[in-house]
Amino acid sequence: MARAWNESRPWLQPRVRARTLDQRAAQKPPRKRLGTREFWDHTRTFLRAWWIWVAIAMFLLEKGFWPGALLAGCVAFLFYHTSPHSHPAVYPLEPDFGAASDEFRVTMAGMTGMPLVPGNNVEIYNNGDEFYPAMLDAIERSQHSVTMEQHMFWNGQVGRRFAQAFAEKAQQGISVKLLVDAVGSPALSDEIQKILRNSGCQIAWFRPIHWYTPDRANHRTHRKSLILDGRIAFTGGAGIADCWLGTAEHEGQWRDIQVRVEGPAVLAQQTGFAQNWLLTTGELLSGHEFFPLPEPAGDLDVQTILSSPVSGAGAVGTMYMIALQCARDYLYIANPYFIPDLRVIAMLDDARRRGVVIKLMVAGKRNDSWWARQNSLRLYGRLLEAGVEIYEFLPAMLHQKTMVVDGAWATVGTTNFDNRSFALSEETNICFWQPALVEELRQIFIADLARCQKIELGTWKRRGTWQQTKEKFASLIEDQV
């Protein structure tokens, strides 16, 4: 019966003899794993393991040493709630295509889950004296809705001016919804909050910290999105604060870049806001006020990368990895906190071996984060030995986050080149392939190089024992800065 049953279904018959299938297949070469861990890398991982500190606490408690047991328990509690639960790529692509190819576009869209959207216009703004007026003008012209997701909304002239602009629109009956990170914006004064609330603006705090919610501390929104009518959006490195005023001529004027997007691609930024607004307030946004029918505003294809730690594999980190591996001519990276892990260092080394020129521009001594500065300095040696050119921006705090690859692709966004942005924060990056716009961003990078100091390997090696000690100490929380 079984034979007759099989004969009635010829598709069940194997195409080759079972004996052939049993033969051992040709062995493929083993996959190359990214990153080679050194002794201090293993030591740091061991010291940050929360269960080690639990064991120490229990041992000290058994010995009757209560103060030490309590301290070890607190360290275990801290490390348990601050350890990232991400799943980074450790096996590299081996592409035979570059950033100018259609394969690169399709791969980027497929791996990040973010499509290219046609019909847009993009403008680049340098420093606060350019982008703040443009943002305020767009607010004043809005007719249906104003939404903002902001990591840094601080007190001061700029904060009050934006609060007044928001309040004016709310008094006109326009929906104004502001989502502000509870950790990034502690300096938002009662005065500004009063202006906003009394005028009818809705303001909500993203993941506020309480003693009973320690698990909220690490997951922040680092986005800086301002969206008008669902048709125009701004994003980039800048928050709403006085430190971005000026043109980055001295220490009090941060260097930064924002982009203005108009067209159907704005939907992605509005989606990011709406999802986090729903998470925070329980309010579901809908209708043409927030999600208008798409209308073309230009001829530019734009990819908006929304990254969230909820997925466990940050889309922006994936974007950077693909770009690094597909570079063929040059990589120009500007980022204030460049703290690459071993995977990225291996990718940069491979890129240099392919003949790619890599120029890295970072914040120098005028850095707002001591921890980030020390962790970045510690890694200079590995990068310089790999052939990466490192430049520190001198006049002011460099804060833009940009990358240009081969004159074919570029990105501007909120993402720092560190584990916090890749694995712990909500981030947004705008990507485009339009040659004129990519060239504009390249020229901005070249102009900024004139205000930088190039770091030499010999100088870095002579930095002294005390400096090296500070770097190793800071590296204990490398994945938190």
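Taking the stated definitions as given, is V176 over 30 Å from A109 (Cβ atoms), in the same structural domain as N127 (by TED's automatic domain parsing), modelled with pLDDT under 95 and buried (at least 16 other Cβ atoms within 10 Å of the Cβ)? Before the answer, list the steps.
Numbers: over 30 Å from A109 (Cβ atoms): yes; in the same structural domain as N127 (by TED's automatic domain parsing): yes; modelled with pLDDT under 95: no; buried (at least 16 other Cβ atoms within 10 Å of the Cβ): yes.
No.
Inspect segment 243-257 for any residue being crowded, with 22+ Cβ neighbours inside 10 Å, touching a residue at least 40 places away in the same chain (Cβ under 8 Å) and of a type in the set (S, T, Y) and give the result as yes or no. Give the derivation first.
The initial filter retains those residues of segment 243-257 that are crowded, with 22+ Cβ neighbours inside 10 Å, namely 244, 248, 254-257.
Among the residues that remain, those that are also touching a residue at least 40 places away in the same chain (Cβ under 8 Å) are: 244, 248, 254-257.
Subsequent filtering for residues that are of a type in the set (S, T, Y) retains none.
Among the residues of segment 243-257, not one is crowded, with 22+ Cβ neighbours inside 10 Å, touching a residue at least 40 places away in the same chain (Cβ under 8 Å) and of a type in the set (S, T, Y), which makes the answer no.
Here are A182, A170: which of them is modelled with pLDDT of 95 or more and either touching a Leu at 6+ places or on another chain (Cβ under 8 Å) or assigned by TED's automatic domain parsing to the domain that holds G298 (or both)? Give the derivation first.
Values: A182 fails: modelled with pLDDT of 95 or more.
Just one listed residue meets the conditions, A170.
Name the residue, out of Q143, Q164, that is part of a loop (DSSP other than H, G, I, E, B) and at pLDDT 95 or above. First the steps, then the outcome.
Working: Q164 fails: part of a loop (DSSP other than H, G, I, E, B).
Residue meeting the stated conditions: Q143.
Return only the number of the condition from (1) more than 18 Å from M361 (Cβ to Cβ); (2) surrounded by fewer than 20 Cβ atoms within 10 Å (Cβ to Cβ); (3) touching a helix residue (DSSP H, G or I) at 6+ places or on another chain (Cβ under 8 Å) that G407 does not satisfy.
Against the list (1) more than 18 Å from M361 (Cβ to Cβ); (2) surrounded by fewer than 20 Cβ atoms within 10 Å (Cβ to Cβ); (3) touching a helix residue (DSSP H, G or I) at 6+ places or on another chain (Cβ under 8 Å), G407 comes up short only on (1).
Can you find, within segment 346-361, the residue that is surrounded by the most Cβ atoms within 10 Å (Cβ to Cβ) among those that are assigned to a helix (DSSP H, G or I) and in contact (Cβ under 8 Å) with a residue 60 or more places away in the chain? Show your work before the answer.
Taking segment 346-361 as the starting set, the residues that turn out to be assigned to a helix (DSSP H, G or I) are 346-353.
Among the residues that remain, those that are also in contact (Cβ under 8 Å) with a residue 60 or more places away in the chain are: 346-347, 350.
On the way: A346: 21, M347: 24, D350: 18.
Result: M347.
Tally time: how many residues in segment 187-206 are touching a strand residue (DSSP E or B) at 6+ places or on another chain (Cβ under 7 Å) and of a type in the set (A, V, I, L, M)?
Summing the residues that are touching a strand residue (DSSP E or B) at 6+ places or on another chain (Cβ under 7 Å) and of a type in the set (A, V, I, L, M) in segment 187-206 gives 4.
Could you pull out the residue among T82, T45 that is among the hydroxyl-bearing types (S, T, Y), surrounded by 15 or more Cβ atoms within 10 Å (Cβ to Cβ), at pLDDT below 80 and closer than 28 Å to R420 by Cα?
On the way: T45 fails: surrounded by 15 or more Cβ atoms within 10 Å (Cβ to Cβ).
After ruling out the rest, the residue left standing is T82.
Of everything in segment 323-339, what is of a type outside the set (S, T, Y) and surrounded by 21 or more Cβ atoms within 10 Å (Cβ to Cβ)? Give them in sequence order.
Taking segment 323-339 as the starting set, the residues that turn out to be of a type outside the set (S, T, Y) are 323-329, 331, 333-336, 338-339.
Residues satisfying the conditions are A323, L324, C326, A327, L331, I333, A334, N335, P336, F338, I339.
Conditions: (1) over 26 Å from Q172 (Cβ atoms); (2) modelled with pLDDT under 95. S189 meets all but one. Number of the miss?
(1)
Looking at segment 389-404, which of the residues that are surrounded by fewer than 24 Cβ atoms within 10 Å (Cβ to Cβ) and out of contact with any Phe, Trp or Tyr (no Cβ under 7 Å at 6 or more places or on another chain) is farthest from A450 (Cα to Cα)?
E389
Among the residues of segment 412-421, is there at least one that is of a type in the set (D, E, K, R), at pLDDT below 95, out of contact with any Cys (no Cβ under 8 Å at 6 or more places or on another chain) and surrounded by fewer than 19 Cβ atoms within 10 Å (Cβ to Cβ)?
Looking only at segment 412-421, we keep the residues that are of a type in the set (D, E, K, R), and these are 418, 420.
Still in the list and also at pLDDT below 95: 418, 420.
From what's left, out of contact with any Cys (no Cβ under 8 Å at 6 or more places or on another chain): 418, 420.
In the following step, the residues that additionally are surrounded by fewer than 19 Cβ atoms within 10 Å (Cβ to Cβ) were identified as none.
Within segment 412-421, none of the residues are of a type in the set (D, E, K, R), at pLDDT below 95, out of contact with any Cys (no Cβ under 8 Å at 6 or more places or on another chain) and surrounded by fewer than 19 Cβ atoms within 10 Å (Cβ to Cβ).
Which condition number in (1) buried (at least 24 other Cβ atoms within 10 Å of the Cβ); (2) assigned to a loop (DSSP other than H, G, I, E, B) is the one that R463 fails?
(1)
Pull up segment 153-165, narrow it to residues that are touching a residue at least 60 places away in the same chain (Cβ under 8 Å) and crowded, with 21+ Cβ neighbours inside 10 Å, then point me to the one that is nearest to the chain's Cα centre (by Cα).
Within segment 153-165, the first condition is being touching a residue at least 60 places away in the same chain (Cβ under 8 Å), and the residues that meet it are 153-154, 156-159, 162.
Pick out the ones that are also crowded, with 21+ Cβ neighbours inside 10 Å and you get 153, 158-159, 162.
On the way: F153: 18, V158: 24, G159: 24, F162: 25 Å.
Only one residue fits best here, namely F153.
Does G312 qualify as being of a type outside the set (D, E), more than 30 Å from E392 (Cβ to Cβ) and at pLDDT below 95?
Here the answer is yes, as G312 does meet what is asked.
Test of understanding: among I227, I203, which residue is assigned by TED's automatic domain parsing to the domain that holds V302, crowded, with 17+ Cβ neighbours inside 10 Å and either touching a Leu at 6+ places or on another chain (Cβ under 9 Å) or among the hydroxyl-bearing types (S, T, Y) (or both)? It would help to see each step written out before you state the result.
Numbers: I227 fails: either touching a Leu at 6+ places or on another chain (Cβ under 9 Å) or among the hydroxyl-bearing types (S, T, Y) (or both).
After ruling out the rest, the residue left standing is I203.
Can you tell me which of G159, G110 is touching a strand residue (DSSP E or B) at 6+ places or on another chain (Cβ under 6 Å) and assigned by TED's automatic domain parsing to the domain that holds A274? It would help to see each step written out before you state the result.
Values: G110 fails: touching a strand residue (DSSP E or B) at 6+ places or on another chain (Cβ under 6 Å).
Every option except G159 fails the conditions.
All but one of (1) under 24 Å from the mean Cα position of the chain (by Cα); (2) free of Cβ contacts under 8 Å to residues at least 60 places away in the same chain; (3) farther than 22 Å from N429 by Cα hold for A217, so report the exception by its number.
Condition (2) is where A217 drops out.
Give R353, R343 a once-over and let me know the one that is more than 14 Å from the chain's Cα centre (by Cα) and either at pLDDT 90 or above or closer than 30 Å to S142 by Cβ (or both).
When all the criteria are applied, what remains is R353.
The values are calculated or read from the model by the stated rules, or taken from the named source; none is laboratory data. Since the structure is predicted, the reported quantities are computational estimates derived from the model, not experimental observations. Cβ sites come from the backbone with ideal geometry, for glycine too, and all protein chains shown count toward neighbours.
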